[in-house]
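Participant: Structure provided below as structure tokens; questions to follow.
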């Protein structure tokens, strides 16, 4: 389980093999198949183990007296688990981004397990009095969990001894948000430039992005992508050489659209706060209401190593661009004196997470969903004292 979790995080489901696991332990492959006859059974066991540990963390944190104490303890438990894994003293937390790529029975069972954890985290904030409060608490829990999962991308850049300081600064952002008290969210929606000329290739990119966001890279096969468009695989290969090239194109388009939002916000607004809030509002609008959302960065885990590295490199550029905008907001006096790099990672992870909570028109308007996320990012995840 230790070896499989590490390899799954490094290579994804498609790249990891039972032979890899055996090799990491200096064993014959038959020593692994004695316990797990097939790779998918081992993968499911890894996910079950991670979910059980996440549930234990949430349950322990939930026993604290106040919402702030619960969240602080939850951050501490996640940070300690990450540190233990880096030291080689504990099993890593498995990246759950590929969970949706599993077979239907295992997928449904594990997703329900995760939703149960999310409900426990939602209860950190109390019992919601109405549907609006329930949606707010759900958004808080979702943003918190995704930010903690996203830590796997950047927290290892710090010394383990510095983790408590990073955690303290992270909590300060969660506690009060990014905006100075009294500064209202001031975002307006700008549209990115068209991604390609309308036609078959754009439809491929759109369908692939939606499918990857929904069921992951491994589940989004060429056959499934083309089946959703009522096209043949031959039509696909007329435009693109491989699924890998399609994924690279999807990510490049997604990155370009995010860059467009950044550029247009800077051109349109003098105020740094107006720029920051407009970038975030526009990205959330794409994630919640557009039939062509941004590609989830967390979906990159299962991609071939050179593609994954490209995605993470470009994601880091988005984070650094957001950090620069926040620094200007701090200088302006509209953004709190917070750690701008940690805050940028929180914002990017929240935008990434929003694609998983696409709005059901009969339950909530897109505008209300955007406002809920803006409230959490701008003012923090706790009610004012």
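Yes/no per residue for (1) buried (at least 22 other Cβ atoms within 10 Å of the Cβ); (2) in contact with a strand residue (DSSP E or B) (Cβ under 7 Å, 6 or more places away or on another chain); (3) at pLDDT below 95:
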position: 314; (1), (2), (3): no, no, yes
position: 320; (1), (2), (3): no, no, yes
position: 323; (1), (2), (3): no, no, no
position: 327; (1), (2), (3): no, no, no
position: 335; (1), (2), (3): yes, yes, no
position: 350; (1), (2), (3): yes, no, yes
position: 354; (1), (2), (3): yes, no, yes
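Participant: Which numbered condition in (1) in a loop (DSSP other than H, G, I, E, B); (2) touching a helix residue (DSSP H, G or I) at 6+ places or on another chain (Cβ under 7 Å) is the only one that residue 139 fails?
Facilitator: So residue 139 meets the others, but not (1).
Participant: Related question: Quick check on my filter: what residues within region 331-344 are part of a helix (DSSP H, G or I) and either in contact with a helix residue (DSSP H, G or I) (Cβ under 7 Å, 6 or more places away or on another chain) or under 20 Å from residue 155 (Cα atoms) (or both)?
Facilitator: Selection gives 332, 340, 341, 342, 343, 344.
Participant: What are the pairs, 6+ residues apart or on separate chains, where a residue within region 369-385 that is in the same structural domain as residue 334 (by TED's automatic domain parsing) and modelled with pLDDT under 90 has its Cβ under 8 Å from a residue that is buried (at least 17 other Cβ atoms within 10 Å of the Cβ) and assigned to a loop (DSSP other than H, G, I, E, B)?
Facilitator: Within 8 Å, the pairs are 369/359.
Participant: Quick test for you: out of 123, 145, pick the one residue that is assigned to a helix (DSSP H, G or I) and closer than 24 Å to residue 213 by Cα.
Facilitator: Among 123, 145, only 145 is assigned to a helix (DSSP H, G or I) and closer than 24 Å to residue 213 by Cα.
Participant: Just to be sure, is residue 156 over 23 Å from residue 285 (Cα atoms), without any contact (Cβ under 8 Å) to a residue 60 or more places away in the chain and either in the same structural domain as residue 54 (by TED's automatic domain parsing) or part of a helix (DSSP H, G or I) (or both)?
Facilitator: no
Participant: Out of 309, 339, report the one residue that is buried (at least 17 other Cβ atoms within 10 Å of the Cβ) and out of contact with any strand residue (DSSP E or B) (no Cβ under 6 Å at 6 or more places or on another chain).
Facilitator: Checking each option against the conditions leaves just 339.
Participant: Select from region 28-51 the residues that are in contact (Cβ under 8 Å) with a residue 60 or more places away in the chain and within 21 Å of the chain's Cα centre (by Cα) and write down the one among them that is surrounded by the fewest Cβ atoms within 10 Å (Cβ to Cβ).
Facilitator: The selected residue is 48.
Participant: State yes or no: is residue 166 in contact with a strand residue (DSSP E or B) (Cβ under 9 Å, 6 or more places away or on another chain), more than 23 Å from residue 368 (Cβ to Cβ) and in contact (Cβ under 8 Å) with a residue 12 or more places away in the chain?
Facilitator: no
The values are calculated or read from the model by the stated rules, or taken from the named source; none is laboratory data. Small disclaimer: the values here were computed from a predicted structure and weren't measured. Every residue, glycine among them, receives a Cβ derived from its backbone with ideal geometry; neighbour counts consider all protein chains shown.
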